[in-house]
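The values are calculated or read from the model by the stated rules, or taken from the named source; none is laboratory data. All values derive from a computational prediction rather than experimental measurement. Here the Cβ positions follow ideal geometry from the backbone for every residue, glycine too, while neighbour counts run over all protein chains shown.
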Amino acid sequence: MAGLELLSDQGYRLDGRKATELRKVQARMGVFAQADGSAYLEQGNTKALAVVYGPHEMRGSRSRTLHDRAVINCQYSMATFSTAERKRRPHGDRKSTEMSLHLKQTFEAAVMTQLYPRSQIDIYVKILQSDGGNYSVCVNAATLAVIDAGIPMRDYVCACTVGFVDETPLADLCYAEESGGVSSLALALLPRGGQIALLQMDARLHQDHLETLIEAAMTACKGVSKVLDEVVRQHLQEVSVLTGE
Amino acid sequence: MEVCGSSNVSLREFGCEQSLLSRPDGSASFIQGDTSVLAGVYGPAEVKVSKEIYDRATLEVLIQPKVGLPSVRERSQEQCVRETCEASLLLSLHPRSSLTLILQVLHDDGSLLSCALNAACMALMDAGLPMSCLFCGVTCAIDTDGQIITDPTAAQEKESRALMTFAIDSTERRVLMSSTKGSFTVHELQQCIAVSQKASEKIFQFYRDSVRRRYSKTLE
Amino acid sequence: MIGSVCVTQSPVSPSFLLHFRTAEPLEYHRSFLKENCRPDGRELSEFRTTTLNIGSISTADGSALVKVGNTTVICGIKAELANPTVEAPGKGYIVPNVDLPPLCSSRFRPGPPGEQAQAASQFIADVIESSEVIQTEDLCIERGKLCWVLYCDMMCLDYDGNVLDACVVALLAALKNTQLPEVTVNTETCTPGVTLEKRHGLRINKHPVATSFCIFDDSILIVDPTAEEESLATAQLTVVTDEEDRLYSLHKPGGTSLSGQKLQECISRATARQREIQKLINKVIHSVKTAQ
Amino acid sequence: MKDTPLANCERDFLLKAIEEKKRLDGRQTYDYRKIKITFGTDYGCCFVDLGRTRVMAQVSCELVAPKENRPNEGIMFFNIELSPMASPAFEQGRQSELSVKLNRQLERCLRNSKCIDTESLCVVSGEKVWQIRVDVHMLNHDGNLMDAASIAAITALCHFRRPDVAIQGDEVTVFSPEERDPIPLSIYHMPISVSFSFFQQGTYLLVDPCEREERVMDGLLMIAMNKHREICSIQSSGGIMLLKDQVMRCSKIASVKVSEITELIGKALENDKKARKAGGRCGFAESIPQERITALKMEESPVEMMDVTERANDIVQKAEAPPQTVPSPVVPVPGVGQVGQGLQNTWGLEDDDEEEEEEEENGNRGEEQEGKASKMEKYEKEESRGGDVVEISDSEEEEVVILHPETSDKAPVNTGSRSSSHQKGAAKSKKK
Amino acid sequence: MVTESCFFRTAETHGSVSCVSPLFQSVKCQQQHVSGSPAVPMFSTLKDRVGEVLLPGDEFTCDTDDTISLTEHVKPEKVVCGPGLRRSGDRLVVCKSGVLRHKQPNVFWIDSQQRRYVPAKGETVIGIVTTKSGDVFKVDFGGSEQASLSYLAFEGATKRNRPNVQVGDLVFAQFSIANKDMEPELVCIDSSGRANGLGVFGGGGLLFRVSLGLVRRLLAPHSEVRSDLEQLFPCELVVGMNGRLWVRSSSVQQTLIIANLLQSCDTMTAPQRRELFRRVKQGVL
């Protein structure tokens, strides 16, 4: 991708953002009535829908029951129309199975599962439109959905993808940047304690730059968490107005 | 029809190591020339309800090729190995349990099925499963001149007109399993069986020597 | 005959026999085998009636239906044009497949082919390769460019044992029945032109015929086993031979061991069976030709 | 099959030992188990023993059409097979969580890091490229499969040689190793994965966990790096919460481990090269540890051929010759034939029943007895008809014996078992 | 915890090991019934080959006109076959590979280095409790199915006073039912209702696996391995016939050393073992 200049001399990115600038995040909680919790989140052009059911009794194979905490069951899928080429398999291939696993792992760290022994919490996330940072957008959407469901968490889990170009970390990569051969790092953070729930990095990066990149990712996550916090507060206000309290 | 030139009628250098894996209940690797197969046995262990047999153990054989996933050829070889093992194992002593034999091909330089059989037998012995007799595999090839070649290499297999693999039992030296390819006459068949029976003596002696060596330190 | 007479003379009721058969199938069979006969009245080395019908499927390029007792196998051959493989540019290829669908017996489940079907497919493929029943060179139309692929699908319609024998007969008869259209390659456009009206048969080099045996109680050999006999047997064995007494397969997947002498007996029986089947196929093929 | 459960006391003991910086096999916290790298007879076959964990990697290649969006690049395919041999908990052909995790991590480690020059694998742009396939088989699972798999895969890739090709016009010729020396892959760098397991909410950290340690750990951090200290992939797994400092510490340890392992791989490859050059055998027979009492080797040995021919002749001659004549089949209508009148099937053919009967009327009494007596020697031309014939119908419901009277002229039409017309065939033979 | 500060609890509770196992009586080969000939030939041929390595398929036949019978003319004798030997008609067939062993007066068995355990009545094993269901615990002992252990099969247990057993706990128990056709059953009491060394394990200690052959050597009345080990460290060692050993000593380090030493015993001769033990002793003390 020699033709594309990911970061101009003036310090602007392909879509006109600055290096540390996040894409616009818009979200709504409680979009579905029948689900226990749901949320819709847009981060730039990436759009995701998350739905939470539970905690409820174990379904399916009972042998997976844990006697001291809840089981988190995640399924990640992509709409067939979410990408430029039609997606043949919305879920079930290696990549999306792995994504489901990563979501599960992230929320196992964040949700206080020990409060619900022998039960199950289902988190379903669907990408409606994909423009980079799928994992991060899913985590952010799912966090809102879990909060909407009223399931206690240690903290918000916020995720963000960062890249590294010309010795400069770029926050919240879009698809063009992701596929442009940037070293990208996805990080899910519990912002208050600075704890990393998931860390994943692709492509090459010198060890010396790792720290800068993680720092940038953590800052970006904290930025996301502020936005999410606002969304939650606003939603609660709306709800309390509606219920007349 | 006459068998002459005994140079071809030999077994390649062969070797075996038992109990080389820590997880399986029994394991063995068997080497014939460059051909090598690794075998692992689990059992008698818990059986899936759908596969349970009320009066004997369920034996499953899996052959893992070196490259790619198992195909129809492996299925057919699995059947041959399984039924041979079933004939020599005393499965009725462990009803409602499962035995799993996994054969991993490490290198194929001819006589693969016979090597798999030998590895299987050593692994079953290592697992201490009750057996009424031992078995061994011998492959014979008949080249275009009608000569018999025992334990052929892959190159010899390719040039041969017919290829036969027999499993021979240790008590009566009879044919437990037979799998052939190519065309041959009745005479050639009977000669190959006779040769395999002769070759089996060597392999059974080798089994005995390696087990003896293995127990040499516990004889006290 | 002895067996049936013996049964008629015995004072037991038919329903007793039925229960006996259900409760102690092995003992039931043993009591017959002791008298050198089998529950269906056959002797130990006797085949069930083999019925052959050729050309019953007109949509296929060649077809045959074979019944051995109740076991019914239908084989259809479809020829398609394809590119030869890089390794063998001067050859066409044959793709056999044996299907044991759930409709032929309750022992088969829907879904991907089970072990038995896969092993049978492999067996048929081995027989085709070993016997060179058709020279694959004959299937080549233009070297490196165009060749025939023969898809030989054998489907079992009713499973009552000995499906391998039936498959081989069906395959052989279907191959003999196959008529391939003439193909000419247009030298300028390099596109093949198929003349459906002009058809020619395949050159069949050999007539391999399979004969299957079962071993009961580690010692008694019976030919052409039924499904029940197969399930009770301690070993199975299939011999494939042709008109020149060449052997193409001695397939014994395991089970009770056999001596060279016993194997020889099986081969002798297989040879007789081969003669019988070849005659049958030839006569049926001939009857079709004369009728036309 | 289920794995053996972990007892509470094992868990407690392990955690206590880890607190005291002790490990089951006497290692230190940051120690790897003994790594042994061996090669198979083929190019591209590599075994890695990591303590008792054992994996095998085999690289193979094939000419295929390239992917549409990358017409000038070869294809890399990775597959980690969790063979049930490695652990009773592994099932064949099932996509387990572990298998997805390992496969993706290996892909990330070796494909996404672009360690192999895929453009050099292009033969004809847009038409033919090499597909390099790496199969990793787990043979024994004693923990840390990922590191063992990554070492095995990259070593096998370094060891692999693909056949040389020549292009003339649109004809592609693949040369055998005898014709032209096969070509190694061009490898830019060697990423190696290092796994760290965390215990007690990240308080304790171990390198290269064994199976029992894996069972009590909270989570795992895998860092893949090359010897130039470039990180190729990082992946955390399990519900752990890491702090940035821990990640940094791990990456420092990883860089040390990676340079050690890279050196080891280099040495192993060097040794193998020397052995191959010297023409020495490098197959599996050489890899059997002779000193172990569980192993034994035997030299090539001739098979006694003394009386083989005689024995074979003896058997063939003693056996009865097959009969020279066989019964002729009956062809009731063109296209249908029948042989062997022993037993009928319960089906009738749809359209040929009516005509069939006349054909089968040419019975012959005496021959039945004779056929039986001569046991397989004589096959009569036409099927026989017995006088007092007893026939058993083959209906499944009941095993009844039907006694037929003297043969009637015409057999009943279209009954389930086309009964009496088909009597015991002349194809009478008996096993001795 | 049931153990006092005794070493080798199992050896005491179990007494003389292998021959008391009912497994031996269950496979009895009564020679006189088989062929009517005096059992002596079979007995003596068996005795001749004691200490030899035998393989499955090896046979002992008794020739009726054996001349050896004259030299040792005694009354018809029974031969008791243990694991690895089976009667088949008038022959005795070996069905496992290993060393033929003999115990006075007429017990024979094959000593093999098997790893998978097959339960036998009366044998004591170390099991892991996997589930509590209804009135029974399910216990994994490394066999082909889980054994059941009743709540009441503990010393002093009643309907009200249930023993404190958690999932994942270890139990030292004895088979009260063990045959191929039934679900095996364990008890933690002897016939008089006393624990007698059986029961739930206390905290601490390490569980590990060794071959079944080594377990039998450890439990033999005058076990050399055991006496070598006794000189090393004071420790508690529980030996289950299923190849599971449990060890507890004063420190984690010592426990680990003992476990590693025992695991390596299978492939060492007695002098090699003594040498290793000596080195460890010098190194540690």
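Taking B:VAL47 as meeting all but one of (1) more than 25 Å from B:MET164 (Cα to Cα); (2) in contact with a strand residue (DSSP E or B) (Cβ under 7 Å, 6 or more places away or on another chain); (3) more than 9 Å from every other protein chain (Cβ to nearest Cβ), write down the number of the exception.
So the condition that B:VAL47 fails would be (3).
Scanning segment E:88-120 for residues that are small (Gly, Ala, Ser) and over 15 Å from the mean Cα position of the chain (by Cα), which turns out farthest from B:SER27 (Cα to Cα)? Don't jump to the end; show me each part of the working.
Looking only at segment E:88-120, we keep the residues that are small (Gly, Ala, Ser), and these are E:88-89, E:97-98, E:112, E:120.
Those still in the list that are over 15 Å from the mean Cα position of the chain (by Cα) too: E:88-89, E:97-98.
Values: E:SER88: 28, E:GLY89: 32, E:SER97: 14, E:GLY98: 16 Å.
Looking at residues that are small (Gly, Ala, Ser) and over 15 Å from the mean Cα position of the chain (by Cα), I get E:GLY89.
In segment E:115-141, what residues are under 30 Å from E:SER97 (Cα atoms) and either touching a Lys or Arg at 6+ places or on another chain (Cβ under 7 Å) or in a strand (DSSP E or B) (or both)? Lay out the reasoning, then the answer.
Within segment E:115-141, the first condition is being under 30 Å from E:SER97 (Cα atoms), and the residues that meet it are E:115-128, E:139-141.
Those that are under 30 Å from E:SER97 (Cα atoms) and either touching a Lys or Arg at 6+ places or on another chain (Cβ under 7 Å) or in a strand (DSSP E or B) (or both): E:THR124, E:VAL125, E:ILE126, E:GLY127, E:ILE128, E:VAL139, E:ASP140.
Please verify whether segment D:159-172 includes one or more residues that are surrounded by fewer than 21 Cβ atoms within 10 Å (Cβ to Cβ), more than 30 Å from C:GLY144 (Cβ to Cβ) and touching a helix residue (DSSP H, G or I) at 6+ places or on another chain (Cβ under 8 Å).
Scanning segment D:159-172 turns up no residue that is surrounded by fewer than 21 Cβ atoms within 10 Å (Cβ to Cβ), more than 30 Å from C:GLY144 (Cβ to Cβ) and touching a helix residue (DSSP H, G or I) at 6+ places or on another chain (Cβ under 8 Å).
How many residues are under 18 Å from E:GLU59 (Cβ atoms) and β-branched (Val, Ile, Thr) when one looks only at segment B:167-212?
3
Among (1) buried (at least 23 other Cβ atoms within 10 Å of the Cβ); (2) farther than 24 Å from B:PHE166 by Cβ; (3) polar (S, T, N, Q), there is one condition B:SER22 misses while meeting the rest; what is its number?
(1)
What number of residues within segment B:21-44 are within 18 Å of D:PHE47 (Cα to Cα) and either more than 7 Å from every other protein chain (Cβ to nearest Cβ) or in contact (Cβ under 8 Å) with a residue 12 or more places away in the chain (or both)?
Within segment B:21-44, the subset within 18 Å of D:PHE47 (Cα to Cα) is B:21-23, B:27-31, B:34-40.
Now narrow it down to the ones that are either more than 7 Å from every other protein chain (Cβ to nearest Cβ) or in contact (Cβ under 8 Å) with a residue 12 or more places away in the chain (or both): B:21, B:23, B:27-31, B:34-40.
Within segment B:21-44, residues that are within 18 Å of D:PHE47 (Cα to Cα) and either more than 7 Å from every other protein chain (Cβ to nearest Cβ) or in contact (Cβ under 8 Å) with a residue 12 or more places away in the chain (or both) number 14.
Cβ-Cβ under 6 Å, sequence separation 6+ or interchain: first residue in segment D:1-21 and more than 8 Å from chain E (Cβ to nearest Cβ), partner hydrophobic (A, V, I, L, M, F, W, C). Which pairs?
D:MET1/B:ALA45; D:ASP3/D:ALA89; D:LEU14/D:VAL216; D:ILE18/D:PHE199
Might you let me know whether segment D:193-201 holds any residue that is more than 18 Å from A:LEU198 (Cα to Cα), among the aromatic types (Phe, Trp, Tyr) and at pLDDT below 95?
Pass one, segment D:193-201, residues more than 18 Å from A:LEU198 (Cα to Cα): none.
No.
Kindly provide the set of residues from segment C:51-72 that are assigned to a strand (DSSP E or B) and within 12 Å of chain D (Cβ to nearest Cβ), ordered by number. Lay out the reasoning, then the answer.
So in segment C:51-72, the residues assigned to a strand (DSSP E or B) come out as C:51-54, C:62-68, C:71-72.
C:THR51, C:LEU52, C:ASN53, C:ILE54, C:SER63, C:ALA64, C:LEU65, C:VAL66, C:LYS67, C:VAL68, C:THR71, C:THR72 - these are the residues of segment C:51-72 that are assigned to a strand (DSSP E or B) and within 12 Å of chain D (Cβ to nearest Cβ).
Give the residues of segment B:159-191 that are among the β-branched types (Val, Ile, Thr), under 20 Å from C:SER268 (Cα atoms), part of a strand (DSSP E or B) and within 13 Å of chain D (Cβ to nearest Cβ), sorted by residue number. Full working, then the answer.
Step one: filter segment B:159-191 for residues among the β-branched types (Val, Ile, Thr), giving B:165, B:168, B:171, B:175, B:180, B:185-186.
Restricting the remaining residues to those that are under 20 Å from C:SER268 (Cα atoms) gives B:175, B:180, B:185-186.
So of that shortlist, the ones also part of a strand (DSSP E or B) come out as B:175, B:180.
Scanning segment B:159-191 gives a single hit, B:VAL175.
Of all residues in segment A:61-99, count the ones that are in contact with a Leu (Cβ under 8 Å, 6 or more places away or on another chain) and either at pLDDT below 80 or of a type in the set (A, V, I, L, M) (or both).
Qualifying residue count, segment A:61-99: 2.
Being at pLDDT 90 or above, buried (at least 18 other Cβ atoms within 10 Å of the Cβ) and within 14 Å of chain B (Cβ to nearest Cβ) is the filter here; which residues of segment D:24-42 pass it?
Result: D:ARG33, D:THR38, D:PHE39.
Residues checked against (1) touching a residue at least 60 places away in the same chain (Cβ under 8 Å); (2) of a type outside the set (S, T, N, Q):
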position: B:GLU78; (1), (2): no, yes
position: B:ARG82; (1), (2): no, yes
position: B:CYS115; (1), (2): yes, yes
position: B:CYS121; (1), (2): yes, yes
position: B:THR139; (1), (2): no, no
position: B:THR144; (1), (2): no, no
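Just checking, how many residues over segment C:73-87 are under 14 Å from C:ILE141 (Cβ atoms) and either aliphatic (A, V, I, L, M) or part of a loop (DSSP other than H, G, I, E, B) (or both)? Before you say what the answer is, go through the steps one by one.
Step one: filter segment C:73-87 for residues under 14 Å from C:ILE141 (Cβ atoms), giving C:79-84.
Filter once more, keeping what is either aliphatic (A, V, I, L, M) or part of a loop (DSSP other than H, G, I, E, B) (or both): C:79, C:81-84.
Qualifying residue count, segment C:73-87: 5.
Consider segment A:82-109. How many of its residues are farther than 17 Å from D:GLN95 by Cβ, free of Cβ contacts under 8 Å to residues at least 24 places away in the same chain and either within 13 Å of chain D (Cβ to nearest Cβ) or under 21 Å from the mean Cα position of the chain (by Cα) (or both)?
Total meeting the criteria: 3.
Examine segment D:60-67 for a residue that is surrounded by fewer than 16 Cβ atoms within 10 Å (Cβ to Cβ), in contact with a Ser or Thr (Cβ under 6 Å, 6 or more places away or on another chain) and more than 23 Å from B:ALA120 (Cα to Cα), and state whether such a residue exists.
For segment D:60-67, residues surrounded by fewer than 16 Cβ atoms within 10 Å (Cβ to Cβ), in contact with a Ser or Thr (Cβ under 6 Å, 6 or more places away or on another chain) and more than 23 Å from B:ALA120 (Cα to Cα): absent.
Does C:GLU80 fit the bill of being acidic (Asp, Glu), within 14 Å of chain D (Cβ to nearest Cβ) and surrounded by fewer than 15 Cβ atoms within 10 Å (Cβ to Cβ)? Full working, then the answer.
Numbers: acidic (Asp, Glu): yes; within 14 Å of chain D (Cβ to nearest Cβ): no; surrounded by fewer than 15 Cβ atoms within 10 Å (Cβ to Cβ): yes.
Judged against the criteria, C:GLU80 is not a match.
At least 3 residues that are closer than 29 Å to A:VAL111 by Cα in each: list the strands (runs of 3 or more DSSP E) lying fully within segment D:193-298 that qualify. Steps first, please.
Working: elements: D:204-207, D:219-225, D:230-237, D:295-298.
Fully inside segment D:193-298 and qualifying: D:204-207, D:219-225, D:230-237.
Name the one entry in E:VAL280, E:VAL239 that is surrounded by 14 or more Cβ atoms within 10 Å (Cβ to Cβ), among the β-branched types (Val, Ile, Thr) and at pLDDT 90 or above. So that I can check it myself, show each step before the final result.
Details: E:VAL280 fails: at pLDDT 90 or above.
Step by step, each of E:VAL280, E:VAL239 is checked, and only E:VAL239 is surrounded by 14 or more Cβ atoms within 10 Å (Cβ to Cβ), among the β-branched types (Val, Ile, Thr) and at pLDDT 90 or above.
Which pairs have Cβ atoms under 6 Å, sit 6 or more apart or on different chains, and link a residue in segment E:74-103 that is polar (S, T, N, Q) and part of a loop (DSSP other than H, G, I, E, B) to one that is buried (at least 16 other Cβ atoms within 10 Å of the Cβ) and at pLDDT 90 or above?
Within 6 Å, the pairs are E:SER97/B:MET125; E:SER97/B:VAL211; E:SER97/E:LEU55.
Name, by its number, the condition in (1) crowded, with 24+ Cβ neighbours inside 10 Å; (2) of a type in the set (A, V, I, L, M); (3) over 20 Å from D:ILE234 (Cβ atoms) that does not hold for A:MET153.
So A:MET153 meets the others, but not (1).
Specify which of the listed residues (C:LEU263, C:LEU250) is in a strand (DSSP E or B), in contact (Cβ under 8 Å) with a residue 12 or more places away in the chain and under 23 Å from D:ASP314 (Cα atoms).
Among C:LEU263, C:LEU250, only C:LEU250 is in a strand (DSSP E or B), in contact (Cβ under 8 Å) with a residue 12 or more places away in the chain and under 23 Å from D:ASP314 (Cα atoms).
So, of the residues in segment B:121-175 that are more than 15 Å from the chain's Cα centre (by Cα) and among the β-branched types (Val, Ile, Thr), which turns out to be surrounded by the fewest Cβ atoms within 10 Å (Cβ to Cβ)?
Selected residue: B:THR144.
When you scan segment A:213-232, do you find a residue that is farther than 24 Å from D:SER193 by Cα, within 13 Å of chain D (Cβ to nearest Cβ) and without any contact (Cβ under 8 Å) to a residue 40 or more places away in the chain, even just one?
yes
Looking only at segment D:219-245, count how many residues are surrounded by fewer than 18 Cβ atoms within 10 Å (Cβ to Cβ) and not charged (D, E, K, R).
3
Is it true that some residue in segment A:185-204 is acidic (Asp, Glu) and in a helix (DSSP H, G or I)? If you could, list the steps in order and put the result at the bottom.
As a first pass, look at segment A:185-204 and keep what is acidic (Asp, Glu): A:202.
Going one step further and asking which of them are in a helix (DSSP H, G or I), we end up with none.
Among the residues of segment A:185-204, not one is acidic (Asp, Glu) and in a helix (DSSP H, G or I), which makes the answer no.
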